[in-house]
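The values are calculated or read from the model by the stated rules, or taken from the named source; none is laboratory data. Just so you know, these numbers come straight off a predicted model, no measurement behind them. In this analysis, Cβ positions are derived from the backbone assuming ideal geometry, glycine residues included, and neighbour counts consider all displayed protein chains. Ligands, DNA and RNA are excluded from the accessible area calculation, which covers all protein heavy atoms including side chains. Shrake-Rupley method; radii C 1.70, N 1.55, O 1.52, S 1.80 Å.
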Amino acid sequence: MAVARIKGRKLQIAWDEELGFGVPEGRYLFKVTDANTGESQKGDPQVILDLIVVAPKKHKGKKQKVWFTLTPGALRFFREACEALLGKAMPKKASAIDLDSFIGKTAYAEAQKTGDFVNIVNWESVSSVDDDEDVDDEDLDLDEYVMDEEDEDDEDEWDDDDVPFDTDDDEEEPKPRSRRGRK
């Protein structure tokens, strides 16, 4: 289905396709659902990863994109993500990477808001965070995951107490800006 279909005065909207401005600031376990190439506004090559949140439970299923611009000054950010997702050190010389090798991989990373954008930084492999913790394959199989009320009651889901990083559940969501005075 397209994101929205219009029939007369009625709309059918696929809300689960919403990308928005990304996840709130915090630490997440992400799974890569797609990997592509593109160009930055300046014409530099980019790698674009589509991510889905695996944990914490509060944000499970939310989607996020991350763009890695491949310039000498920015390669370190892509190297960090590659090493965390692929579980091995990247070579010091030129090498090839198959974009398909990222799909299905998981790693921890932080979402940091800069202005209107969310940057995904400080990547760590799942094993480097906690070698003793096993992540169930069932928790990582999110190809057709759609959040609904039944999922929130599922006992097999991640519990915020089970994730190996701090979460700030007490933080309030930002309030929407007032639209007064706009026409």
Q | Subset of region 73-96 that is in contact with a helix residue (DSSP H, G or I) (Cβ under 7 Å, 6 or more places away or on another chain) and free of Cβ contacts under 8 Å to residues at least 40 places away in the same chain - its residue that is most open to solvent (accessible area, probe 1.4 Å) | A | A89
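Quick grid of which residues meet (1) within 17 Å of V121 (Cα to Cα); (2) part of a strand (DSSP E or B); (3) not polar (S, T, N, Q):
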| site | (1), (2), (3) |
| --- | --- |
| K42 | no, no, yes |
| I48 | yes, yes, yes |
| V53 | yes, yes, yes |
| G73 | yes, no, yes |
| F78 | yes, no, yes |
Q) Quick one: which of D148, D132 is modelled with pLDDT under 95, farther than 15 Å from L51 by Cα and open to solvent by 80 Å² or more (accessible area, probe 1.4 Å)? A) D132
**Q.** Leading residue by the ranking (modelled with the lowest pLDDT) among those in region 2-54 that are open to solvent by 50 Å² or more (accessible area, probe 1.4 Å) and on the phi > 0 side of the Ramachandran plot
**A.** G20
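Under the condition of being farther than 10 Å from L29 by Cα and either outside any loop (DSSP other than H, G, I, E, B) or in contact (Cβ under 8 Å) with a residue 40 or more places away in the chain (or both), which residue from region 97-110 is least open to solvent (accessible area, probe 1.4 Å)? Talk me through it step by step, then tell me what you get.
Quick first cut of region 97-110, residues farther than 10 Å from L29 by Cα only: 97-105.
Checking which are either outside any loop (DSSP other than H, G, I, E, B) or in contact (Cβ under 8 Å) with a residue 40 or more places away in the chain (or both) leaves us with 99-105.
Details: L99: 44, D100: 103, S101: 42, F102: 1, I103: 71, G104: 40, K105: 82 Å².
Top of the filtered list is F102.
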